[in-house]
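Take a look at the structure below.
The values are calculated or read from the model by the stated rules, or taken from the named source; none is laboratory data. On a predicted model such as this, the values are computed, not experimentally measured, just so you know. Cβ atoms come from the backbone with ideal geometry, glycine included; neighbour counts cover every protein chain shown.
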Amino acid sequence: MKNRIRFLAFIILLISLFQTVYFLVNMELFTDLNLLKLNFQNTIIITFFAQFIFILLLFFYLPISLKKSFSNTKNLLKDIGKGLYSIEINLDEKRKDEFYELSETIAETLQSIQIFDKLKKDKVMEHHQRINAILNLSDNGFIILDLNGNIIYINDPVLETFANIQEKTNLLNTNFPPEIENNIKKYAIKILQTQTKQDAHQFFLPNLKRHIVINGKIIRNLDGAATGAILALTNIQKKKQEKEVE
(Lines give C-alpha, C1' and ligand atoms only; values in the text may rest on other atoms or scores of the structure.)
Protein backbone atom coordinates (compact mmCIF):
# COMPACT_ATOMS: atom_id res chain seq x y z
CA MET A 1 0.00 0.00 0.00
CA LYS A 2 2.83 2.41 0.80
CA ASN A 3 4.39 1.69 -2.59
CA ARG A 4 1.12 2.47 -4.38
CA ILE A 5 0.74 5.78 -2.55
CA ARG A 6 4.33 6.71 -3.32
CA PHE A 7 3.88 5.75 -6.97
CA LEU A 8 0.74 7.88 -7.39
CA ALA A 9 2.33 10.82 -5.57
CA PHE A 10 5.39 10.50 -7.82
CA ILE A 11 3.22 10.50 -10.97
CA ILE A 12 1.38 13.65 -9.82
CA LEU A 13 4.69 15.33 -9.04
CA LEU A 14 6.10 14.23 -12.39
CA ILE A 15 3.10 15.72 -14.25
CA SER A 16 3.54 19.03 -12.41
CA LEU A 17 7.24 19.02 -13.21
CA PHE A 18 6.53 18.23 -16.87
CA GLN A 19 4.01 21.04 -16.99
CA THR A 20 6.50 23.54 -15.55
CA VAL A 21 9.35 22.49 -17.86
CA TYR A 22 7.03 22.51 -20.85
CA PHE A 23 5.92 26.07 -20.10
CA LEU A 24 9.47 27.32 -19.65
CA VAL A 25 10.67 25.72 -22.89
CA ASN A 26 7.70 26.90 -24.93
CA MET A 27 7.98 30.46 -23.69
CA GLU A 28 11.32 30.65 -25.47
CA LEU A 29 10.21 28.83 -28.63
CA PHE A 30 6.84 30.45 -29.37
CA THR A 31 6.84 34.00 -30.76
CA ASP A 32 3.13 34.18 -31.41
CA LEU A 33 1.36 35.09 -28.13
CA ASN A 34 -2.02 33.77 -29.25
CA LEU A 35 -0.53 30.44 -30.24
CA LEU A 36 1.44 30.31 -27.01
CA LYS A 37 -1.69 31.08 -25.01
CA LEU A 38 -3.65 28.34 -26.79
CA ASN A 39 -0.82 25.88 -26.27
CA PHE A 40 -0.67 26.70 -22.57
CA GLN A 41 -4.43 26.28 -22.21
CA ASN A 42 -4.40 22.86 -23.86
CA THR A 43 -1.45 21.77 -21.75
CA ILE A 44 -3.09 22.95 -18.54
CA ILE A 45 -6.35 21.14 -19.37
CA ILE A 46 -4.59 17.88 -20.22
CA THR A 47 -2.24 17.92 -17.21
CA PHE A 48 -5.01 19.03 -14.84
CA PHE A 49 -7.24 16.17 -16.05
CA ALA A 50 -4.41 13.68 -15.59
CA GLN A 51 -3.63 15.00 -12.11
CA PHE A 52 -7.34 14.91 -11.25
CA ILE A 53 -7.54 11.21 -12.24
CA PHE A 54 -4.53 10.30 -10.12
CA ILE A 55 -5.83 12.33 -7.15
CA LEU A 56 -9.15 10.49 -7.41
CA LEU A 57 -7.24 7.21 -7.32
CA LEU A 58 -5.27 8.44 -4.33
CA PHE A 59 -8.33 9.53 -2.32
CA PHE A 60 -10.95 6.96 -3.34
CA TYR A 61 -9.50 3.82 -4.88
CA LEU A 62 -6.70 3.34 -2.33
CA PRO A 63 -8.96 3.58 0.77
CA ILE A 64 -11.36 1.05 -0.80
CA SER A 65 -8.46 -1.22 -1.66
CA LEU A 66 -7.09 -0.74 1.84
CA LYS A 67 -10.44 -1.59 3.43
CA LYS A 68 -10.78 -4.72 1.30
CA SER A 69 -7.26 -5.77 2.16
CA PHE A 70 -7.91 -5.22 5.87
CA SER A 71 -11.17 -7.24 5.91
CA ASN A 72 -9.38 -10.59 6.43
CA THR A 73 -7.29 -9.17 9.24
CA LYS A 74 -10.41 -7.61 10.76
CA ASN A 75 -12.23 -10.97 10.72
CA LEU A 76 -9.19 -12.57 12.29
CA LEU A 77 -9.19 -10.02 15.10
CA LYS A 78 -12.93 -10.62 15.64
CA ASP A 79 -12.32 -14.36 16.05
CA ILE A 80 -9.53 -13.67 18.53
CA GLY A 81 -11.87 -11.32 20.40
CA LYS A 82 -14.28 -14.26 20.79
CA GLY A 83 -11.55 -16.29 22.48
CA LEU A 84 -10.61 -18.46 19.48
CA TYR A 85 -6.88 -18.69 20.13
CA SER A 86 -6.26 -21.90 18.17
CA ILE A 87 -6.41 -20.08 14.81
CA GLU A 88 -3.54 -20.85 12.46
CA ILE A 89 -2.28 -18.00 10.26
CA ASN A 90 -0.57 -19.00 7.02
CA LEU A 91 2.06 -16.27 6.74
CA ASP A 92 3.29 -17.58 3.37
CA GLU A 93 -0.07 -16.67 1.84
CA LYS A 94 -0.01 -13.23 3.41
CA ARG A 95 3.48 -12.15 2.33
CA LYS A 96 2.02 -10.00 -0.48
CA ASP A 97 -0.72 -8.68 1.79
CA GLU A 98 -0.61 -5.02 2.77
CA PHE A 99 -0.92 -6.03 6.41
CA TYR A 100 1.68 -8.78 6.41
CA GLU A 101 3.62 -7.23 9.30
CA LEU A 102 0.42 -6.95 11.34
CA SER A 103 -0.50 -10.56 10.54
CA GLU A 104 2.99 -11.65 11.55
CA THR A 105 2.66 -9.82 14.88
CA ILE A 106 -0.78 -11.36 15.47
CA ALA A 107 0.61 -14.84 14.69
CA GLU A 108 3.44 -14.34 17.20
CA THR A 109 0.96 -13.06 19.82
CA LEU A 110 -1.35 -16.03 19.24
CA GLN A 111 1.57 -18.41 19.63
CA SER A 112 2.47 -16.79 22.96
CA ILE A 113 -1.18 -16.95 24.10
CA GLN A 114 -1.42 -20.63 23.12
CA ILE A 115 1.75 -21.46 25.07
CA PHE A 116 0.50 -19.49 28.08
CA ASP A 117 -2.95 -21.12 27.81
CA LYS A 118 -1.43 -24.60 27.78
CA LEU A 119 0.79 -23.81 30.79
CA LYS A 120 -2.24 -22.37 32.60
CA LYS A 121 -4.35 -25.47 31.85
CA ASP A 122 -1.51 -27.74 32.98
CA LYS A 123 -1.16 -25.78 36.22
CA VAL A 124 -4.94 -25.76 36.83
CA MET A 125 -5.11 -29.52 36.20
CA GLU A 126 -2.16 -30.09 38.54
CA HIS A 127 -3.80 -28.07 41.34
CA HIS A 128 -7.15 -29.76 40.64
CA GLN A 129 -5.59 -33.21 41.06
CA ARG A 130 -3.81 -32.11 44.23
CA ILE A 131 -7.03 -30.76 45.75
CA ASN A 132 -8.93 -33.91 44.73
CA ALA A 133 -6.24 -36.08 46.27
CA ILE A 134 -6.28 -34.09 49.52
CA LEU A 135 -10.08 -34.18 49.75
CA ASN A 136 -10.30 -37.90 48.98
CA LEU A 137 -7.49 -38.81 51.37
CA SER A 138 -9.12 -36.78 54.12
CA ASP A 139 -11.21 -38.54 56.76
CA ASN A 140 -13.74 -35.70 56.52
CA GLY A 141 -16.47 -35.36 53.92
CA PHE A 142 -16.73 -32.36 51.60
CA ILE A 143 -19.60 -31.12 49.41
CA ILE A 144 -19.05 -28.15 47.07
CA LEU A 145 -22.17 -26.33 45.89
CA ASP A 146 -22.84 -23.47 43.50
CA LEU A 147 -25.19 -20.65 44.52
CA ASN A 148 -28.23 -22.55 43.17
CA GLY A 149 -27.49 -25.65 45.22
CA ASN A 150 -26.06 -27.78 42.40
CA ILE A 151 -23.47 -30.25 43.67
CA ILE A 152 -20.22 -29.48 41.87
CA TYR A 153 -18.03 -31.89 43.81
CA ILE A 154 -18.26 -34.49 46.58
CA ASN A 155 -15.37 -36.55 47.89
CA ASP A 156 -15.22 -40.30 48.56
CA PRO A 157 -16.10 -40.26 52.31
CA VAL A 158 -19.42 -38.52 51.52
CA LEU A 159 -20.19 -40.98 48.70
CA GLU A 160 -19.43 -43.92 50.98
CA THR A 161 -21.55 -42.59 53.86
CA PHE A 162 -24.44 -40.96 51.96
CA ALA A 163 -25.25 -43.01 48.85
CA ASN A 164 -28.24 -40.75 48.09
CA ILE A 165 -26.06 -37.67 47.54
CA GLN A 166 -24.63 -37.71 44.02
CA GLU A 167 -22.52 -35.26 42.06
CA LYS A 168 -24.25 -33.07 39.40
CA THR A 169 -27.58 -33.19 41.23
CA ASN A 170 -29.27 -30.29 43.01
CA LEU A 171 -29.11 -30.66 46.77
CA LEU A 172 -31.95 -28.19 47.34
CA ASN A 173 -34.45 -29.67 44.83
CA THR A 174 -33.84 -33.37 45.54
CA ASN A 175 -35.74 -35.40 48.15
CA PHE A 176 -33.50 -37.25 50.62
CA PRO A 177 -33.93 -39.45 53.69
CA PRO A 178 -34.84 -37.54 56.91
CA GLU A 179 -31.28 -37.40 58.31
CA ILE A 180 -30.10 -35.61 55.13
CA GLU A 181 -33.25 -33.49 54.64
CA ASN A 182 -33.36 -32.20 58.23
CA ASN A 183 -29.63 -31.61 58.62
CA ILE A 184 -27.39 -31.36 55.53
CA LYS A 185 -30.03 -29.97 53.17
CA LYS A 186 -31.44 -27.58 55.78
CA TYR A 187 -27.95 -26.34 56.62
CA ALA A 188 -27.13 -25.87 52.90
CA ILE A 189 -30.32 -23.86 52.32
CA LYS A 190 -29.54 -21.57 55.24
CA ILE A 191 -25.92 -20.88 54.26
CA LEU A 192 -26.79 -20.27 50.58
CA GLN A 193 -29.71 -18.00 51.38
CA THR A 194 -27.86 -15.87 53.94
CA GLN A 195 -24.55 -16.09 52.02
CA THR A 196 -22.73 -15.93 55.35
CA LYS A 197 -20.84 -18.45 57.44
CA GLN A 198 -23.05 -20.47 59.79
CA ASP A 199 -22.26 -22.04 63.12
CA ALA A 200 -21.41 -25.73 63.06
CA HIS A 201 -24.37 -28.09 63.39
CA GLN A 202 -24.25 -31.51 65.06
CA PHE A 203 -26.70 -34.33 64.34
CA PHE A 204 -26.95 -38.06 65.00
CA LEU A 205 -26.54 -40.48 62.09
CA PRO A 206 -28.24 -43.84 62.81
CA ASN A 207 -26.30 -45.97 60.34
CA LEU A 208 -22.98 -44.83 61.86
CA LYS A 209 -24.40 -44.76 65.40
CA ARG A 210 -22.66 -41.50 66.24
CA HIS A 211 -22.95 -37.76 65.88
CA ILE A 212 -21.84 -35.95 62.72
CA VAL A 213 -20.71 -32.32 62.68
CA ILE A 214 -21.47 -30.19 59.62
CA ASN A 215 -19.76 -26.89 59.00
CA GLY A 216 -19.79 -24.58 56.00
CA LYS A 217 -18.21 -21.59 54.34
CA ILE A 218 -19.27 -19.31 51.49
CA ILE A 219 -17.07 -19.22 48.37
CA ARG A 220 -16.57 -15.75 46.86
CA ASN A 221 -15.01 -14.47 43.64
CA LEU A 222 -12.46 -11.70 43.18
CA ASP A 223 -15.15 -9.02 43.53
CA GLY A 224 -16.39 -10.50 46.79
CA ALA A 225 -19.66 -11.82 45.34
CA ALA A 226 -20.85 -15.22 46.58
CA THR A 227 -20.57 -18.00 44.00
CA GLY A 228 -21.36 -21.03 46.17
CA ALA A 229 -20.46 -22.82 49.38
CA ILE A 230 -18.42 -25.71 50.70
CA LEU A 231 -19.80 -28.02 53.39
CA ALA A 232 -17.51 -30.08 55.61
CA LEU A 233 -18.72 -33.21 57.43
CA THR A 234 -16.54 -34.50 60.24
CA ASN A 235 -16.62 -37.81 62.09
CA ILE A 236 -17.90 -39.84 59.10
CA GLN A 237 -14.72 -41.76 58.37
CA LYS A 238 -14.93 -45.54 58.06
CA LYS A 239 -11.95 -46.25 60.32
CA LYS A 240 -13.72 -44.88 63.37
CA GLN A 241 -16.84 -46.83 62.47
CA GLU A 242 -14.89 -50.06 62.22
CA LYS A 243 -13.16 -49.39 65.55
CA GLU A 244 -16.50 -48.72 67.25
CA VAL A 245 -17.93 -51.96 65.85
CA GLU A 246 -14.91 -53.86 67.15
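Summary table below
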| item | result |
| --- | --- |
| Scope region 124-147; condition of a type outside the set (A, V, I, L, M, F, W, C) and closer than 25 Å to G81 by Cβ; matching residues | none |
| In region 120-142, residue farthest from L231 (Cα to Cα) [restricted to those that are surrounded by 12 or more Cβ atoms within 10 Å (Cβ to Cβ) and of a type in the set (A, V, I, L, M)] | I131 |
| Exclusive hit being part of a helix (DSSP H, G or I) and in contact (Cβ under 8 Å) with a residue 12 or more places away in the chain, set E160, E126, E167, E108 | E160 |
| Residue check for E244: part of a helix (DSSP H, G or I) and at pLDDT below 90 | yes |
| When residues of region 92-115 are limited to those that are among the aliphatic types (A, V, I, L, M) and either under 12 Å from T73 (Cβ atoms) or surrounded by 12 or more Cβ atoms within 10 Å (Cβ to Cβ) (or both), the one modelled with the lowest pLDDT | L102 |
